[in-house]
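Participant: There's a structure below that I have some questions on.
The values are calculated or read from the model by the stated rules, or taken from the named source; none is laboratory data. Not measured: the values here are computed from a predicted model. In this analysis, Cβ positions are derived from the backbone assuming ideal geometry, glycine residues included, and neighbour counts consider all displayed protein chains. For the accessible areas, the whole protein counts, side chains as well, though only heavy atoms, and no ligand, DNA or RNA atoms are used. Shrake-Rupley method; radii C 1.70, N 1.55, O 1.52, S 1.80 Å.
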Amino acid sequence: MIGVTFLALLASGGTRASFGVFIKPIETEFGWDRATVSLAASISAMMYGVGQPLVGYLIDRWGARRVLVLSVLGLGLGAGLTALTPGVMYLYVVYGLLTTLAASGPAVAMASSVVARWFQTNRGLAMGICASGISAGQLVIIPLAMHLNIMFGWRYSFAVLGGLMLVLILPLVFLYMKNSPGDLGLKPFGAEEEGRRTAGDRSGMASSSPAAFPPALAPPAATVPAAGVHHSLASALRNRDYWLVVFTQFVCGFTSLGSVTTHLPAHSIEHGFSPMVVAGAMGLMGGMNFIGTILSGWMTDRVGRRQLLCGIYGFRGLAVVYLMFVHDPMALSLFAIVFGLTYIAATPPTASILVDHFGPGSAASLLSWAFVGHQIGAAIGAYFGGLLHDLTGGYTYSFIASAILALAAAAASLLIRPSPAPHRISNPYPHV
């Protein structure tokens, strides 16, 4: 399940992240300004965020398999139809709305749901591996898209990406994706180990003297939501910690997908870098995303979630400051390494914070809504960058805003209250 989810996120994340490669070719063909083309990325980011709660809703009722099959099918067809773009409104509707809505399936909400169903232990690591598929997509697909764009044009590149989705990814999802371990007569990974550990904990509690556990040191039962309780969005919105998570997600979207991923190719080419050097840097960034996300998942299971999240956003802000002084390929590669390590690394600790505070039964839904904030940030960052480029002739002010927001998110991460004890549950979605 991890492998199938990883590949689906690889194809979807790589296809979406490659749009920055096409900005200048589309400008050249149609004579549009940067803000006009950037608006397609902005609409796409918004639609991607709006689609996440819908995906979470459909997963709870249809199961992950059906949602993922339909999403991959729609994404492949949408990418192919984007290759036929005759004008700006077609680009906004077909790529910005329809294709991106399909791309909302193979995304963080899907990964969170798969991990919650299939893993009792090591959820942080499993989430890191799944989310790293987005990074791996950048490593593989952005250089491929750039090469195809240089050799054959941006339309051919879009057509090939759509074809690969339909020919390679769709059959794997259709054949191997399952909704839950019960479909194969299995239990979630680590369920038996956790069951024995819980039984041992209860036995130790029963045999210990009351003096061994002073009431003042015992965590209040009310601080840990029951595993079967589902917290609504309305109740989460009354929680300060949830708003802090939403803010960090807004910043994550603005700084990663919105400001940097969308505009780094055009920014670098305008500063004298060749397209293939830029593609190599984007691919390197994707490779470091892959490493950073898995490392973040591993660290999420072992260190404080808040401190890890603070470090991720802090280093991201410093990396964006450094980008404004990059003028040679080695420096660009160094930026790609540092920024790439932080790109999607926020996902495992963020998902774990939500699980710990609100329970596994609510995590996928609440993460989906928090991801709306992420995509609002991405939409603003994408359009804001293009607009400022048209007004000032560069991206300096856009990158300054990104750096300030990243450092603010680092501070906000530490304001989230410490997580209560992790939840233990064998199947948070028994009705699927």
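Participant: Hey, any idea what % of the chain's accessible area is carbon plus sulfur with a 1.4 Å probe?
Facilitator: 71
Participant: Leaving out ligands and nucleic acids, note down the accessible area per residue over the range 95-156 with a 1.4 angstrom probe, in whole Å².
Facilitator: Ligands and nucleic acids excluded, the figure is 27 Å² per residue.
Participant: Here's a follow-up. Just how large is the dipole of the chain about the Cα centre, in debye to the nearest 20, putting +1 at every Lys and Arg Cβ and -1 at every Asp and Glu Cβ?
Facilitator: 900
Participant: Could you tell me which of ALA370, TYR313, LEU264 has its Cα farthest along the dipole of the chain towards the positive end, charges placed at Cβ (Lys, Arg +1; Asp, Glu -1), taken about the Cα centre?
Facilitator: ALA370
Participant: Starting from the Kirkwood radius over alpha-carbon pairs of the range 325-381, derive D by Stokes-Einstein at 10 °C in a medium of 1.306 mPa s and give it in µm² s⁻¹.
Facilitator: Once the numbers are plugged in, D ends up at 118 µm²/s.
Participant: Before I look further, what does the range 237-290 give for accessible area per residue, probe 1.4 Å, in whole square angstrom?
Facilitator: Accessible surface, normalised per residue, equals 30 Å².
Participant: Report, in order of residue number, the helices in the chain meeting two criteria: a C-alpha extent of 18 Å or more along the helix axis, and a mean Kyte-Doolittle hydropathy of at least -1.0; treat each whole DSSP H run as one helix.
Facilitator: 2-17, 34-62, 64-82, 123-152, 240-253, 275-300, 305-323, 329-342, 360-392, 396-415
Participant: Next question, about the same structure. Using a 1.4 angstrom probe, figure out how much accessible area the range 293-364 has per residue, in square angstrom, rounded to the nearest whole.
Facilitator: For the range 293-364, the per-residue accessible area is 34 Å².
Participant: Based on DSSP H runs of at least 4 residues, each adding -39500 (n - 2.57), what is the mean residue ellipticity at 222 nm of the chain after dividing by all its residues, to the nearest 500 deg cm²/dmol?
Facilitator: Roughly -23500 deg cm²/dmol at 222 nm, from the helical runs in the chain.
Participant: Using all C-alpha to C-alpha distances in the range 47-177, build P(r) with 10 Å bins and read off the rounded percent in each one.
Facilitator: Result, from short to long distances: 13, 38, 35, 12, 2, 0 percent.
Participant: Let me ask something else about it. Could you sort the peptides 177-185, 251-259, 59-67, 44-52 by per-residue average Cβ neighbour count (10 Å cutoff), highest mean leading?
Facilitator: In descending order of packing, they fall as 251-259, 44-52, 59-67, 177-185.
Participant: When the Debye formula is applied to the Cα atoms of the chain, each taken as the same point scatterer, what base-10 log of I(q)/I(0) results at q = 0.13 Å⁻¹?
Facilitator: -1.07
Participant: Just the Kirkwood number for the range 1-99, please: inverse of mean 1/r across all distinct Cα pairs, in Å, one decimal.
Facilitator: After inverting the mean inverse Cα-Cα distance, the result is 14.5 Å.
Participant: What whole-number distance in Å separates the alpha-carbon centres of the range 280-339 and the range 120-154?
Facilitator: 15
Participant: I've got another one for you. How much length is gained on full extension from ARG238 to LEU184, taking 0.36 nm per residue of separation minus their Cα-Cα distance?
Facilitator: Taking 0.36 nm per residue and subtracting the Cα distance, the gain is 15.5 nm.
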